[in-house]
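Notes follow once the structure below has been shown.
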Amino acid sequence: MKYSLLILISLLFLGTNLSAQGNEDLLNILKKETEAFANADFETWKSLWCQTENDYFSYAEQNNVFVVKGWSAIDQTFKAAFQGRKKYDVSFRRENVKVERDGKLAFIVFDQYDKLNDANGEVHKTETRIMKKTKAGWKILSTEVVNLSSYEKSGKALYHILLASFKPEAKDSDVQYIFDKFNSVRADVEGMKSCTMLKNGDPASPFQYTFIMTFSSAEALAQYEAHAAHKAAVDRWIAVGDKVTVVDSWK
């Protein structure tokens, strides 16, 4: 089943069943965001953002990357998307919710599964929110979404996702070296289907890059991890890397 880009972007806001103990203040903001977007209430939805030129929104799928930087552009883009549309009838579930706080910044990552109630099939996405504590309370600073379902052409696939940040002294050539090593494994491991690198343009995000690899089996993933090129990439990351979060998901 195919979804339009606008619907897929819209679906990322739908869902209120997040559960992360001790973070109700952050999750309540996401609940309000959900309700406002589902009800096409643009004024309430926009009030939940920081509304600065550091605000950032990105959506990536296999054949498309959609990025909006700065509140002026986000305001204009989504105000147009809200106008005249009806309430969405959607079912959802969220899994693997993780929250990390650091002073006035908070990072939330989760898997989300959306299904339009008048259609067949689910859309599986991995999503992040960066939130900032302001004088008016917690506000959304950044939203990033990767539509994992768009990378699946047929049958099940194993998605191996790395959210990574690098030390200040790391060079662009270091990041490219790591990606090239990851990608080179495809020539030797038949079950490795794809390798993609996405750069995050938001300087406030704790993760600067997303690496997405797809495999036909867990055995293929194990072959990839044991490959000399993968080990070389890991060695370089140990020297220049800072943080990494790994997510493996079947779809």
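Some observations on this one:
- Restricting the range 175-197 to residues that are over 14 Å from residue 227 (Cβ atoms) and surrounded by fewer than 17 Cβ atoms within 10 Å (Cβ to Cβ), the residue that is farthest from the chain's Cα centre (by Cα): 177
- Meets criteria (under 13 Å from the mean Cα position of the chain (by Cα) and among the polar types (S, T, N, Q)) for residue 200: yes
Here's the yes/no breakdown for (1) among the β-branched types (Val, Ile, Thr); (2) closer than 29 Å to residue 218 by Cα; (3) in the same structural domain as residue 36 (by TED's automatic domain parsing):
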residue	(1), (2), (3)
98	no, yes, yes
104	no, no, yes
143	yes, no, yes
168	no, no, no
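- Within the range 196-251, the set of residues being among the β-branched types (Val, Ile, Thr) and closer than 18 Å to residue 158 by Cβ comprises 196, 210, 212, 214, 245, 246, 247.
- Any chance residue 243 is within 22 Å of residue 59 (Cβ to Cβ) and surrounded by fewer than 16 Cβ atoms within 10 Å (Cβ to Cβ): no
- Strands (runs of 3 or more DSSP E) contained entirely in the range 21-130, each with at least 2 residues that are surrounded by fewer than 19 Cβ atoms within 10 Å (Cβ to Cβ) and among the β-branched types (Val, Ile, Thr): 64-69, 90-102
- Set 239, 229: member being more than 29 Å from residue 68 (Cβ to Cβ), touching a Ser or Thr at 6+ places or on another chain (Cβ under 8 Å) and not assigned by TED's automatic domain parsing to the domain that holds residue 133: 229
- Residue within the range 147-155 that is at negative phi, surrounded by fewer than 18 Cβ atoms within 10 Å (Cβ to Cβ) and without any contact (Cβ under 8 Å) to a residue 12 or more places away in the chain present: yes
- Scanning the range 35-52 for residues that are among the charged types (D, E, K, R) and touching a strand residue (DSSP E or B) at 6+ places or on another chain (Cβ under 8 Å) returns no hits.
- Restricted to the range 135-251, the set of helices (runs of 4 or more DSSP H) holding at least 1 residues that are under 22 Å from residue 96 (Cβ atoms) and either in contact with a Gly (Cβ under 6 Å, 6 or more places away or on another chain) or of a type in the set (A, V, I, L, M, F, W, C) (or both) comprises 218-226.
The values are calculated or read from the model by the stated rules, or taken from the named source; none is laboratory data. Since the structure is predicted, the reported quantities are computational estimates derived from the model, not experimental observations. All Cβ positions, even for glycine, are placed from backbone atoms using ideal geometry, and neighbour counts span all protein chains on display.
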